[in-house]
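Read through the structure below, which is laid out as structure tokens, and then see the notes.
The values are calculated or read from the model by the stated rules, or taken from the named source; none is laboratory data. Here the structure is a predicted model, which is why all the values come from computation and not from measurement. All Cβ positions, glycine included, derive from the backbone under ideal geometry; neighbour counts span all protein chains shown.
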């Protein structure tokens with residue numbers, strides 16, 4: 001494992017090979033020896049840099065780890081094989097990263113599509129995870145119009161076409177427009193998966209695998225304290241879908257950020273980050289350090 005410290009904060013970056021040979025780029029901070037680990041699952045196709053505000057907010061009191069989703073941002077010559085972008089492989093990548101950092105058990109924070117991966121991870125490896133936080137989750141409840149935003153509907157129509165080949169992906173990219181509609185600009189790097197045809201094509205293939213998963217069904221099997229956070233001004237996902245997931249998890253609650261859009265978790269000093277920190281502090285404050293320490 002080769003690592004280098006980020007020049008902007010104390011996130012260290014490293015690479016590791018996953019179970020099938022995919023190179024994974026991950027970031028971690030271990031400033032709080034003996035304290036709980038927090039595993040942040042960022043959306044597909046984003047760089048580690050988007051997680052820096054989260055690291056800044058949490059890494060003083062906790063150890064933090066995250067990683068970039070496999071293959072979507074790989075060089076253009078990398079061809080994708082059937083099944084490589086499955087949710088099961090994303091879960092396996094998380095376990096690979098935890099093992100690389102010698103983390104026996106972690107609490108999970110899943111953001112956007114990372115919320116779905118978090119549900120799948122807890123279902124597959126319940127012994128590796130503790131508390132669960134789902135922020136602005138994308139649960140692809142496409143059969144319920146009340147749980148789908150206009151953005152979500154548009155994406156669901158476009159991505160199957162973009163999955164056909166890179167030529168079609170480029171055709172769609174050339175016609176895409178991103179509007180803030182009076183809101184704040186998204187953090188830097190958010191539109192990276194839509195910036196190049198090979199990124200967008202893989203992103204689309206990944207989406208088809210992701211939307212095939214029954215995340216509501218996974219939620220019904222969650223047996224731990226869960227916090228869901230939704231932004232009232234979120235144009236990508238919505239409160240109704242968070243409420244549906246909350247109804248499936250016995251020990252859960254939903255907090256709403258009245259002025260929050262889809263990107264609050266990535267904004268320094270946001271109230272969403274404060275909500276995450278308060279929940280984790282409350283739930284983990286009485287846990288013994290030995291239970292949550294890294295493997296020896």
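Assuming residue 35 fulfils every condition listed in (1) in contact with a strand residue (DSSP E or B) (Cβ under 8 Å, 6 or more places away or on another chain); (2) crowded, with 24+ Cβ neighbours inside 10 Å; (3) assigned to a loop (DSSP other than H, G, I, E, B) apart from one, which condition is it?
Among (1) in contact with a strand residue (DSSP E or B) (Cβ under 8 Å, 6 or more places away or on another chain); (2) crowded, with 24+ Cβ neighbours inside 10 Å; (3) assigned to a loop (DSSP other than H, G, I, E, B), residue 35 violates only (2).
In segment 157-186, how many residues are under 30 Å from residue 259 (Cβ atoms) and surrounded by fewer than 17 Cβ atoms within 10 Å (Cβ to Cβ)?
Residues meeting the conditions: 11.
Check 72, 41 and return the single one that is within 16 Å of residue 122 (Cα to Cα) and in contact with a helix residue (DSSP H, G or I) (Cβ under 7 Å, 6 or more places away or on another chain). Steps first, answer last, please.
On the way: 72 fails: within 16 Å of residue 122 (Cα to Cα).
After ruling out the rest, the residue left standing is 41.
Name every residue in segment 90-134 that is over 19 Å from residue 225 (Cβ atoms) and outside any helix (DSSP H, G or I), in order of residue number.
101, 102, 103, 104, 112 - these are the residues of segment 90-134 that are over 19 Å from residue 225 (Cβ atoms) and outside any helix (DSSP H, G or I).
Residues are listed down the side, and each one gets a yes or a no for (1) surrounded by 22 or more Cβ atoms within 10 Å (Cβ to Cβ); (2) under 15 Å from residue 20 (Cβ atoms); (3) modelled with pLDDT of 95 or more:
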{"position": "55", "(1), (2), (3)": "yes, no, yes"}
{"position": "62", "(1), (2), (3)": "yes, no, yes"}
{"position": "68", "(1), (2), (3)": "yes, no, yes"}
{"position": "74", "(1), (2), (3)": "no, yes, yes"}
{"position": "85", "(1), (2), (3)": "yes, yes, yes"}
{"position": "88", "(1), (2), (3)": "no, yes, yes"}
{"position": "91", "(1), (2), (3)": "no, yes, yes"}
{"position": "94", "(1), (2), (3)": "yes, yes, yes"}
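For segment 169-200, how many residues are touching a residue at least 40 places away in the same chain (Cβ under 8 Å) and assigned to a loop (DSSP other than H, G, I, E, B)?
Qualifying residue count for the region: 9.
Could you pull out every one of the helices (runs of 4 or more DSSP H) wholly within segment 201-296 that has 3 or more residues that are modelled with pLDDT of 95 or more and buried (at least 21 other Cβ atoms within 10 Å of the Cβ)?
Ranges flagged: 215-220, 239-248, 271-284.
Would you please name the residue that is nearest to residue 79 (Cα to Cα), looking only at residues in segment 137-164 that are touching a helix residue (DSSP H, G or I) at 6+ places or on another chain (Cβ under 7 Å) and not in a helix (DSSP H, G or I)?
163
Could you list all residues from segment 77-110 that are closer than 20 Å to residue 61 by Cβ and either without any contact (Cβ under 8 Å) to a residue 24 or more places away in the chain or touching a strand residue (DSSP E or B) at 6+ places or on another chain (Cβ under 8 Å) (or both)?
Scanning segment 77-110 gives 98, 101, 103, 105, 106, 107, 108, 109, 110.
Between 219, 204, which is in contact (Cβ under 8 Å) with a residue 12 or more places away in the chain, touching a helix residue (DSSP H, G or I) at 6+ places or on another chain (Cβ under 6 Å) and under 20 Å from residue 79 (Cβ atoms)?
Working: 219 fails: under 20 Å from residue 79 (Cβ atoms).
Exactly one of 219, 204 is in contact (Cβ under 8 Å) with a residue 12 or more places away in the chain, touching a helix residue (DSSP H, G or I) at 6+ places or on another chain (Cβ under 6 Å) and under 20 Å from residue 79 (Cβ atoms), namely 204.
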